[in-house]
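The next block holds one structure in the form of structure tokens; read it before the comments.
The values are calculated or read from the model by the stated rules, or taken from the named source; none is laboratory data. The shown structure was predicted, so the numbers you read here are calculated from the model rather than taken from an experiment. A quick note on method: Cβ atoms are made from the backbone with ideal geometry, for glycine too, and the neighbour counts reach across all protein chains shown. These area figures cover heavy atoms from the full protein model, side chains too; ligands, DNA and RNA do not enter into them. Shrake-Rupley method; radii C 1.70, N 1.55, O 1.52, S 1.80 Å.
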Amino acid sequence: MPHRTRPMTALLSFTGLNVALVSSITPVYDFVCFHPYWERRSVASFQNSE
């Protein structure tokens, strides 16, 4: 190996990156899933199919 690996540093940085991504994606996921547009769309498509 050309250099000495640091498994603890790699593990901590990987975990930190995952925590940052998860904490930033949660509000986006909630906004997309619970947006009123989807409720209106499902009601409109249900009324159109009748």
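The figures follow:
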read-out	value
Breaking point among (1) at pLDDT 90 or above; (2) small (G, A, S); (3) open to solvent by 80 Å² or more (accessible area, probe 1.4 Å), for A20	(3)
All positions within region 7-17 that are among the β-branched types (V, I, T) and loosely packed, with under 10 Cβ neighbours inside 10 Å	T9
